[in-house]
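What follows is a set of notes on a single structure, which appears directly below.
The values are calculated or read from the model by the stated rules, or taken from the named source; none is laboratory data. Please read these numbers as outputs of a predicted model, since none were measured by experiment. No Cβ is skipped: glycine too gets one built from the backbone with ideal geometry, and neighbour counts run over all protein chains shown.
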Amino acid sequence: MSKKREKEPDLKGTLYSVGFLGIFILVTWFMAFYLFIDRF
């Protein structure tokens, strides 16, 4: 009873792209927040 284990796909590119997108969203959010605070 040996199960063939399929090779898992490489998800490093997905991790890097999601991380880059998250950092981009955070940076733009803080820039908009700074503009909002700077007006008052």
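List the number of the failed condition for F24; all other conditions in (1) surrounded by 10 or more Cβ atoms within 10 Å (Cβ to Cβ); (2) modelled with pLDDT under 95 hold. The number of the failed condition is (2).
When residues in segment 6-21 are screened for being surrounded by fewer than 10 Cβ atoms within 10 Å (Cβ to Cβ) and either in contact with a strand residue (DSSP E or B) (Cβ under 6 Å, 6 or more places away or on another chain) or among the aliphatic types (A, V, I, L, M) (or both), 1 of them pass. Taking the stated definitions as given, is D38 loosely packed, with under 10 Cβ neighbours inside 10 Å and at pLDDT 90 or above? For D38, the condition - loosely packed, with under 10 Cβ neighbours inside 10 Å and at pLDDT 90 or above - is met.
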